[in-house]
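Asks: Next up is a structure, given as structure tokens.
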Amino acid sequence: MYNKKTTLALAGFVGLALSGIAGAADMHTQVIAATCMSCHGPGGNSVGAAPGIAGISQDRFVKAMQDYKTGKRPGTVMLKLAGGYTDAEIEAMGAYFATLK
Amino acid sequence: MTLNRRDFLKVSGAGAAITLTGCSSQSSSKPAAKGKPHVVVVGAGFGGATCAKYIRHWGPNIDVTLIEPNDKFVSCPLSNWVLAGIKDMNFITRGYDNLPKHGIKMVKDYVTGIDTDKRVVKTKGGASISYDRLVLAPGVEILTNTVKGYDAAEAAGKVVHAWKAGPQTVQLRKQLEAMPDGGVFVMSVPTAPYRCPPGPYERACLVAQYFKLAKPKSKIILLDGNADIASKKALFTWAWNTFYPGMIDYRPNNAPFAVDGNAMTVSTEFDQVKGDVLNVVPKQRAGEVCELAGVRNDSNKAWCTVNFATFESTTVPNVHILGDSVLSNLPKSGHMATNHAKVAAAAIVELLAGRQPDPMPVVANTCYSATSDSTAGFVGDVFRLDPEKGYVKQAGGGATSQGAEINFTYAESWAENIWADMLS
Ligand SMILES: Cc1cc2nc3c(=O)[nH]c(=O)nc-3n(C[C@H](O)[C@H](O)[C@H](O)COP(=O)(O)OP(=O)(O)OC[C@H]3O[C@@H](n4cnc5c(N)ncnc54)[C@H](O)[C@@H]3O)c2cc1C
């Protein structure tokens, strides 16, 4: 899998993600969040039938994602996607979406 | 291996770089003395428009110039819906008017030359534009000359590919409308890799849907250059059996090598078929502009190989390639092109600020295909970059095996939102 140096580099990113420097989400989280916006609209504000995700609370976001992961929550494409993210990424995305308007 | 040695060294320094610069980005802006860094983006399709917008979003101190010859964006996604009469051209045509509001300089022109040593782009209109980093997102070049007789038949209006949405989409719709009931529509699927793996099979569904309503005695012959349905096989098989039994004659391993626009025939190694409407989709490669930059560098000189953490060319520094032109295991979809764009935009912002880009970005593909005028299926997958193996599909993803009305609604919503994310 990953060699030692890469793992160290990665630890740097995760550390940044968790330390919440300057209150801004790290780029790893911001890029994942940006990929969500293809379906959920620019800045998380949907212009179509899909729900917007800007400004939803971190708790609500994390619970929804975890329930999609386990299949507890009914859904469509999110049932296929939620399992691809780590718990730490889901927490970080939730914190970020909560800051969007 | 996806990272070369130099990149690996960059990546391995990432942890330290972040500790030093993560708190105060302004202290580590571009070392060069010449002022604001300049990124030139070629092509305002899914990849290019998205990348330009997100560079400005994450790097407001970076100047971005976006070069595109077309006045408006015409979406390939949902262009099959236009062929079926479900949507019209207006619906899939969107303006570029909002991009300048993000501080993007739009240049209506076509790139005809690139000097990657001097870092200058030349255009058909005679402009020379210099760059610190260059982003190429030209989509695909369609290799019409790989099918004998194609160019003449196309010029005579007897065959179209309609694999770039625009005038040929309109032309094909008109031909389908003019076709008599009981006519034959011949379509071909190029051998992979090609733009939008499920696209041809979606087109077969939607043309069949149109025939079913408007001219029910008509037939479709689908000549596939691949050994089997190349994408969402269960979904399309379900749709063909459920909605269009007996209408679609599917013939695998049947790549056309010739078209005759007078006789209205398509020839493959095994068959010669005659049709009333011919829709041959030839093989493809990375857009021409990639050749100008010397980045069409895979073993066939057809596609571009990139470092997947930055989408920078593996051979030419400061040139990033996005979207369909990239050689990878990621599907050639508009959705994926916008994901490439976001990863690349973040990496470019970090590199220009002297920071290390994320070595392990995570992207997702969500791709809907309509199976009728009211149902659709989808594939959804998350891909995580492994520095050793490239983008690795994560467990839990996959495709639906049947269409559903809710997904038809979401397919349209997807289009509205991705267009807005690129262009609004
Ligand atoms: C029928 C069909 C259905 C599809 N359905 C879907 C779908 O449902 N979902 C999905 O995700 N994808 C779908 N796709 C795939 C999608 O269209 C492509 O994957 C996507 O367009 C790729 O984006 P891109 O940025 O690489 O290229 P494009 O979006 O094609 O953009 C390239 C741009 O570059 C410009 N350009 C080219 N050369 C130059 C030059 N030298 N100078 C300046 N500008 C230049 C072009 O004018 C163009 O605007 C479909 C495709 C087809 C054909």
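Asks: From the helices alone, meaning DSSP H stretches of at least four residues, give me the mean residue ellipticity at 222 nm for the protein assembly as shown, per-run term -39500 (n - 2.57), in deg cm²/dmol to the nearest 500.
Replies: Dividing the helical sum by the residues of the protein assembly as shown leaves -10500 deg cm²/dmol.
Asks: Label points 7 Å out from Cα along the Cβ direction at residue B:192 and residue B:122: separation in nm?
Replies: So the two model labels end up 4.0 nm from each other.
Asks: Within 10 Å of each Cβ in B:392-402, how many Cβ atoms from other chains are there, averaged over the peptide?
Replies: So the per-residue partner count for this stretch is 3.
Asks: Here's something else I'd like to know. Please compute one quarter of the surface area of the Cα convex hull for the range B:305-382 and express it in square nanometres.
Replies: 5.7
Asks: Right, here's the next one. At 7 Å along Cα-to-Cβ for each site, give me the label-to-label distance between residue B:395 and residue A:98 in nm.
Replies: Taking the two extended label points, one gets 2.9 nm.
Asks: Using amide H atoms built 1.01 Å from N in the peptide plane, name the residues 5+ places from residue B:159, or on other chains, whose amide H lies under 5 Å from its own.
Replies: Amide H neighbours of residue B:159, under 5 Å, 5+ apart: B:154.
Asks: Rounded to a whole number, what is D in µm²/s for chain B from Stokes-Einstein with the Kirkwood radius over alpha-carbon pairs (10 °C, 1.306 mPa s)?
Replies: Once the numbers are plugged in, D ends up at 71 µm²/s.
Asks: Further, regarding this structure: Using every alpha carbon pair in the range B:139-226, what percent of pairs falls into each 5 Å bin from 0 up to the bin containing the largest distance?
Replies: P(r) over the range B:139-226, rounded to whole percents: 3, 12, 22, 27, 21, 11, 4, 0.
Asks: When we measure straight from the Cα of residue B:274, which aspartates and glutamates land under 19 angstrom away, once same-chain ones fewer than 8 places off are left out?
Replies: Excluding near neighbours in sequence, the set is B:151, B:154, B:177, B:181, B:224, B:249, B:260.
Asks: If you count, for every residue in A:70-79, the Cβ atoms of partner chains within 10 Å of its Cβ, what is the mean?
Replies: The per-residue average across the peptide is 3.
Asks: Return a whole-number percent for the relative contact order of chain B, with Cα pairs under 8 Å and 6 or more residues apart as the contact set.
Replies: Here the relative contact order equals 20 percent.
Asks: Can you tell me what share of the DSSP beta bridges in the protein assembly as shown is antiparallel? A percent to the nearest 5 is fine.
Replies: About 55 percent, rounded to the nearest 5.
Asks: Rounded to the nearest 5, what % of the DSSP beta bridges within the range B:179-308 are antiparallel ones?
Replies: Around 30 percent antiparallel, to the nearest 5.
Asks: Which ³J(HN,Hα) values in Hz, rounded to whole numbers, follow from the phi angles of the range B:197-213 under the Karplus curve 6.51 cos²θ - 1.76 cosθ + 1.60, where θ = phi - 60° and Gly and Pro get x?
Replies: My calculation for the range B:197-213 gives x, x, x, x, 6, 5, 4, 4, 4, 6, 5, 4, 4, 4, 4, 4, 7 Hz in order.
Asks: Then there's this: With θ set to phi - 60°, apply the Karplus curve 6.51 cos²θ - 1.76 cosθ + 1.60 along the range B:407-419 and write out the HN-Hα couplings as whole Hz, x wherever there is a Gly or Pro.
Replies: Listing the rounded values in order: 6, 5, 4, 5, 4, 5, 4, 4, 4, 4, 6, 6, 4 Hz.
Asks: To continue, here is another question. Once the convex hull of the alpha carbons of the protein assembly as shown is built, what does its volume come to per residue, in cubic angstrom?
Replies: 140
Asks: Right, another one. What ³J(HN,Hα) values, in whole Hz, does the Karplus curve 6.51 cos²θ - 1.76 cosθ + 1.60 give for the range B:159-167 when θ = phi - 60°, with x put for Gly and Pro?
Replies: Each residue of the range B:159-167 in turn: 9, 9, 9, 6, 9, 10, 5, x, x Hz.
Asks: Amide H to amide H under 5 Å from residue B:143: which residues, 5+ apart in sequence or cross-chain, H placed 1.01 Å off N in plane?
Replies: B:283, B:284, B:285
Asks: Now for a different question. Which peptide among A:75-86, B:407-418, B:357-368 comes first, and what is the full order, when sorted by highest mean count of other Cβ atoms within 10 Å?
Replies: Put in order of decreasing packing, that is B:357-368, B:407-418, A:75-86.
Asks: If you project the alpha carbons of the range B:143-282 onto the principal axes, what extent comes out on each, in Å, largest first?
Replies: 38, 32, 30
Asks: Within the range B:81-239, what percent of beta bridges assigned by DSSP are antiparallel, to the nearest 5?
Replies: 55
Asks: Let me ask you something else. For a label point 7 angstrom out from the Cα of residue A:86 toward its Cβ, which stretches of the range B:380-410 have the backbone nitrogen within less than 18 Å?
Replies: What the label zone holds, given the 18 Å backbone N cut-off, is B:382-396.
Asks: Also, quick follow-up: Given labels modelled 7 Å from the Cα in the Cβ direction, how far is it in nm from residue A:66 to residue B:253?
Replies: Placing both labels 7 Å along Cα→Cβ, they lie 5.2 nm apart.
Asks: Quick one: compute a quarter of the convex hull surface over the Cα atoms of the range B:59-145 and quote it in nm².
Replies: For the range B:59-145, the mean projected area of the Cα convex hull comes to 8.1 nm².
Asks: Continuing with this model, one more query. Given H placed 1.01 Å from N in the peptide plane, which residues other than close sequence neighbours of residue B:148 have an amide H under 5 Å from its amide H?
Replies: B:258, B:259
Asks: By average Cβ neighbour count within 10 Å, what is the ranking of B:87-93, B:171-177 from highest down?
Replies: Output ranking for B:87-93, B:171-177: B:171-177, B:87-93.
Throughout, read-outs are computed from the coordinates displayed, never taken from laboratory work. A quick note: this is a predicted structure, and the numbers were derived from the prediction, not measured. Positions of Cβ are backbone-derived with ideal geometry, glycine not excepted, and every protein chain shown enters the neighbour counts.
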